[in-house]
Amino acid sequence: MQQLLLLYSFFVLYKKNLLVSGKMSTSDPNLLLNYVPVYVMLPLGVITVDNVFQDPDGLKKQLLQLRAAGVDGVMIDVWWGIIELKGPKKYDWGAYRSLFKLVQECGLKLQAIMSFHQCGGNVGDVVNIPLPQWVLDIGESDPDIFYTNRSGTRDKEYLSIGVDNKPIFQGRTAIQIYSDYMKSFRENMADFLESGLIIDIEVGTGPAGELRYPSYPQNQGWVFPGIGEFQCYDKYLKADFKAAAAKAGHSEWELPDDAGVYNDIPESTGFFKSNGTYQTEKGKFFLTWYSNTLLNHGDQILAEANKAFVGTTVKLAIKVSGIHWWYKDESHAAELTAGYYNLNDRDGYRPIAKMLTRHHAILNFTCLEMRDSEQSSNAKSAPQELVQQVLSGGWREHIEVAGENALSRYDATAYNQIILNARPNGVNKNGPPKLRMYGVTYLRLSDDLLQKSNFDLFKKFVLKMHADQDYSEDPKNYNHVIPPLKPSGPKIPIEVILQATKPIAPFPWDSETDRKVDG
């Protein structure tokens, strides 16, 4: 009897250790259909600004730790400012090829971001990688290639949408630059694409790689929860607006001059206050133009991405920013300045999802870890409702949705919230869940994450994201087989896209996840 008790105790201890390590060997076909793959963002400076793969041995050790924890893959920024540093079409992919080879050797999949933005000036930017110098040189003589606020301050994080189709970059337009870059990536990374290492191409469409205007730049003094500023006062976007207003029969209309400055609150401005300009005919026209211009920008770049990668076994994706502050304010001011024309009676996110349908692309959303109760009341913040709205909008348009956390967190509350958002109605023990995110990318690999107590909890998080199943090497087991990328469909008329602004109630969410890391 004593031997049986000892044997049982040993089994319980062994099982507990396996659960903590994330290696419990469990494989139920029905539960595997609830599996949500987990990826981890690599450090921003893993390839230096001088295009050097700095510490392959150190990274290899970390990657093997991730692989042992059941992590499915990693995400990496492929910086325009590094690759095309030496001049137009002078691409150098050598350091990235070495990095990709290491990721492959460590048994991980890869999500590659076409990072057409500057690194530096945003939350978490610990290194500085500017746009290519030859582009900045053009900006010296024509500063309007950069986003500009009403006071004339330029933002050099990302080229203004206004130059998307202007051949002012030694004969190329901005869209052509992005297209050439992605074609070169495909040519130079063909072996990694063919082998199935690279599974996602996330296309950078704005600052921080997100489809938005740089409305809240920290390097210009913005602090949370400021409403931000509209970024359309460069000469190119000004001219575009004036032409649109004239076409609408209102040549007298100008860009807003009453929307305040970065750190204002809505009520202190004429534009966002109750019954403010944003609710007038002129304000609605401006906001429609501003948000439609952003939509068209994303649509154009994705069309070029599709041409570059058509036929390869990858998913295209874009990232949408989780601007959760002032969400409970009638004006949704911070969302509006970023280009998301989202109000209580107008959905600003489902049109983005509808646009993505023609490119077979994923909508990747941020702030998955945040809870309303953690936010200060003065910000009128509602990250939970925002996530629910955006993910529901993607599912309503029958596209895949993915996501990531906005800030580095290592606590059970944050992990549980991510798991809840990944499977809003929990695990279905008899097959696929009603709702499931396509994947979640954790921000980010660091010494803090790998510190023992933090990493032990992270391993539990990975296990729960996998529905308590062992790591699955074969994506067929969880319905994630990637077919060859089809060509983009016909361009969707803007009138059709804007039909998706009609609000539809989001899908219901459980109050908490059924797979808690501390449950």
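Sort 381-393, 186-198 by packing, meaning the average of other beta carbons within 10 Å per residue, with the highest value first.
Highest to lowest by the protection proxy: 381-393, 186-198.
Give the whole-number value, in cubic angstrom per residue, of the convex hull volume spanned by the C-alpha atoms of the chain.
In the chain, the Cα convex hull volume per residue is 148 Å³.
Using the Kirkwood radius over Cα pairs, work out the Stokes-Einstein diffusion coefficient for the range 383-423 at 20 °C and 1.002 mPa s, in µm²/s as a whole number.
For these conditions, the coefficient is 193 µm²/s.
Could the peptides 263-275, 26-38 be put in order, highest first, of the mean number of other beta-carbon atoms found within 10 Å of their residues?
Order by mean packing, descending: 26-38, 263-275.
Express as a percent, rounded to the nearest 5, the fraction of DSSP beta bridges in the chain (both residues included) that run antiparallel.
Antiparallel bridges: around 20 percent, rounded to the nearest 5.
Once the piece of chain linking E254 and V481 is laid out straight, how much longer is it, given 0.36 nm per residue of separation minus the C-alpha distance between them?
Fully extending the segment from E254 to V481 adds 76.7 nm.
When the Kirkwood radius is taken over all Cα pairs of the range 288-348, what Stokes-Einstein diffusion coefficient follows at 25 °C and 0.890 mPa s, in µm²/s?
My calculation gives 185 µm²/s for D.
Considering the options T337, F365, H324, tell which one lies farthest towards the positive end of the dipole of the range 289-372, charges being +1 on Lys and Arg and -1 on Asp and Glu at the Cβ, about the Cα centre.
F365
222 nm [θ] for the chain, helices only, -39500 (n - 2.57) per DSSP H run of 4+, per residue, to 500?
Theoretical 222 nm ellipticity from helices: -11000 deg cm²/dmol.
Excluding ligands, DNA and RNA, what is the solvent-accessible area per residue of the range 212-282 at a probe of 1.4 Å, expressed in Å²?
Roughly 45 Å² per residue, with all protein chains present.
For M75, enumerate residues with amide H under 5 Å from its amide H, sequence gap 5+ or separate chain, H modeled in the peptide plane.
Close amide H contacts, sequence-distant or interchain: V40, M41, L42, Q111.
In whole percent, and with a 1.4 Å probe on the protein chains, what portion of the accessible area of the range 320-454 is carbon and sulfur?
Roughly 45 percent of what the probe reaches on the range 320-454 is carbon or sulfur.
Using a simple charge model, +1 on the beta-carbon of Lys and Arg, -1 on the beta-carbon of Asp and Glu, nothing else, what dipole does the chain show about its Cα centre, in debye to the nearest 20?
1200 debye
PRE reach from Q65 (point 7 Å along Cα→Cβ): which of the range 458-477 fall under 13 Å by backbone N?
Zone members listed by number: 458-459.
Express in nm, to one decimal, how much length is gained between D55 and A190 on full extension, taking 0.36 nm for each residue of separation and deducting their alpha carbon distance.
Net length gain for the segment: 46.1 nm.
The values are calculated or read from the model by the stated rules, or taken from the named source; none is laboratory data. Here the structure is a predicted model, which means the values were calculated and not measured. Note that each Cβ is placed from the backbone with ideal geometry, even for glycine, and that neighbours are counted across all protein chains shown. The accessibility values were calculated without ligands, DNA or RNA, using every heavy atom of the protein model including side chains. Shrake-Rupley method; radii C 1.70, N 1.55, O 1.52, S 1.80 Å.
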